Amino acid sequence: MLIYKNTRRKQRIAEQERQIEIQKTEKLLKDQELTAIDAMISGQEKERQRLANELHDNLGSTLATVKLHFQHLTKNRNNSKIENLEELYAKTDHLLEEAYQKVRTIAHEKNSGVMANQGLLPAIKKFAKKASNGDALQIVVQDYGLEERLDNALEISIFRMIQELITNIIKHANATEVHISLTNHDSLLNIIIEDNGKGFDTKVISQKDGMGLRTIEKRIEHLEGTFEIDSTIGKGTNIIINIPI
Ligand SMILES: Nc1ncnc2c1ncn2[C@@H]1O[C@H](COP(=O)(O)OP(=O)(O)OP(=O)(O)O)[C@@H](O)[C@H]1O
Ligand SMILES: [Mg+2]
C-alpha cells in the first residue's frame with residue numbers, strides 16, 4: 001500500500017515537473033515573439049522617423065527655397081530692370097535638380113535592402129536561431145527574392161504564423177530538423193515549413209481545442225492565400241502557405 005502511494009506520488013511530481021518545463025518553454029517562446037515583434041515595429045518606426053526627418057530637413061528646405069525663388073521670378077517676370085533674373089533662373093533650375101537627386105537618393109536607399117535587416121526575415125531568422133537547440137533541433141531558414149520590405153501589418157501577420165508553426169513543432173513534433181523557406185514568386189509569397197517529426201492525422205485536429213492552426217487558417221483566409229498541411233505519421237509534416245503580396 002505504502003509503496004503504491006509512493007509510486008503515485010512520484011508520478012504526480014514527475015508530471016508536475018513536466019508541466020512546469022512546458023510552461024517555461026512556452027513563456028520563453030512568447031517572450032521571444034514579443035521581443036522580435038517589438039524590434040520589428042521599432043525598426044519600422046525608426047525608419048519612418050528617419051525618412052520623415054530626411055524629407056523635412058533635406059528636401060523640405062530645398063523645395064522651400066525653390067518656391068521662394070519662383071515667387072520672386074513670377075513677380076518680376078515683366079520687370080526688365082531687375083539684374084539677377086538670369087542668375088535666379090539658373091539657381092532655381094539647380095535647386096530643382098538637387099531636389100530631384102535627393103528624392104532619388106531616398107528612394108534608392110529604400111530599395112537597397114539596407115532597412116531589411118530589421119524586417120520580417122531577420123526577425124524569423126532570429127526566432128529560428130533562438131528556438132534551435134544544438135543537435136536536438138536544427139532550424140534552417142532560406143529565402144529567395146525577398147529583399148524588399150512588405151507592408152508592416154503583413155510582415156507581423158506572417159511572423160506570427162511562422163512563430164506558431166515553429167512553436168507547434170517544438171511542442172508536438174519531436175523533430176530534429178526543420179526547414180523553412182520563404183520564396184517570392186512574382187508577387188506570390190510561398191512559405192514552406194518542413195519538419196522530420198512524428199507527424200499527425202490532419203483529420204482529427206478539428207476536434208481538438210487548439211487555437212494555433214485555426215488562427216492561421218483565418219489569417220490566411222483574410223489575406224486571400226492558401227494553406228495546406230501534408231503530414232505523414234512517423235515521417236513528418238509539410239506546411240505550405242501561399243500569400244499574394
Ligand atoms: N508539426 C507538428 N507535428 C506534429 N503534430 C502537430 C504539428 N503541428 C500541429 N500538430 C498537432 O495538431 C494539433 C493542433 O495544433 P494547434 O496549433 O491548432 O493547437 P495546439 O498547439 O495544440 O494548441 P495552441 O496552439 O492553441 O496552443 C496539435 O495539438 C498537435 O497534435
Ligand atoms: Mg499550437
>> I'd like to know if segment 151-173 contains one or more residues that are more than 21 Å from LYS198 (Cα to Cα), among the aliphatic types (A, V, I, L, M) and not in a helix (DSSP H, G or I).
In response: no
> Taking segment 217-231, which residues are surrounded by 18 or more Cβ atoms within 10 Å (Cβ to Cβ) and among the charged types (D, E, K, R)?
Replying inline: ARG219
>> Against the condition modelled with pLDDT of 75 or more, touching a Leu at 6+ places or on another chain (Cβ under 9 Å) and not aliphatic (A, V, I, L, M), how does ASN76 come out, does it pass?
In response: yes
> Filtering segment 198-216 down to residues that are surrounded by 12 or more Cβ atoms within 10 Å (Cβ to Cβ) and farther than 24 Å from LEU121 by Cβ, which residue is modelled with the lowest pLDDT?
Replying inline: ILE205
>> Can you pull out every residue in segment 172-200 that is near ligand 1 (Cβ under 9 Å from one of its atoms) and farther than 26 Å from GLY119 by Cα?
In response: HIS172, ALA173, ASN174, ALA175, GLY197, LYS198, GLY199, PHE200
>> Looking only at residues that are part of a helix (DSSP H, G or I) and away from ligand 2 (no atom under 13 Å from the Cβ) in segment 188-234, which one is farthest from GLU164 (Cα to Cα)?
In response: GLN207
>> Which count do you get for residues in segment 26-41 that are touching a helix residue (DSSP H, G or I) at 6+ places or on another chain (Cβ under 8 Å) and closer than 19 Å to LEU154 by Cβ?
In response: 6
>> For the structure I just gave you, tell me whether LEU223 is away from ligand 1 (no atom under 14 Å from the Cβ) and at pLDDT 95 or above.
In response: no
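The values are calculated or read from the model by the stated rules, or taken from the named source; none is laboratory data. Worth saying up front: this structure is predicted, and the values here are computed from it rather than measured. Counting neighbours? That spans all protein chains shown, and the Cβs are built from the backbone with ideal geometry, glycine included.
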